[in-house]
Amino acid sequence: MKTLISILSVLFVMMVSGFAFAKSDDVNGFVKIAKDRELFVNYVPAATGQPTLIVLNGLTYSTIEWDSFVEPLQKRGVGILRYDMFGMGKTLLK
């Protein structure tokens, strides 16, 4: 639980500060969160005035599991932040 809170804190700070997303609106790849740690992140910013939804994977799932939910929300302008935690999805494969 402590690791999850740390990861969410880092991602939130990066998102709010624009640190990881300053060069591009969309992020679809690995983001360094510590000296020797990276997470696979998929981020699509919200349209003006729309919220950003942070979705988390459960157990052994990955960001791919959210595809059917993400597309309709993006069409409505909702921003989406999803990532593969340590030991899951593309983060595991790296």
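No lab work stands behind these numbers, since they all come straight from the coordinates. Just so it is clear, the model here is predicted, and its values are computed rather than measured. No Cβ is skipped: glycine too gets one built from the backbone with ideal geometry, and neighbour counts run over all protein chains shown.
Expressed in units of 2.2 N^0.38 Å, where N is the residue count, the Cα radius of gyration of region 37-94 is 1.15. Ranked by the mean number of other Cβ atoms within 10 Å of their residues, highest first, the peptides 72-82, 27-37 fall in the order 72-82, 27-37. Placing +1 on each Lys and Arg Cβ and -1 on each Asp and Glu Cβ, with no other charges, gives region 30-94 a dipole about its Cα centre of roughly 180 debye. Computed from phi, the 3J(HN,Hα) profile of region 31-45 under the Karplus parametrisation 6.51, -1.76, 1.60 (θ = phi - 60°) reads 10, 6, 10, 7, 3, 10, 10, 9, 10, 6, 10, 10, 10, 10, x Hz, with x in place of Gly and Pro.
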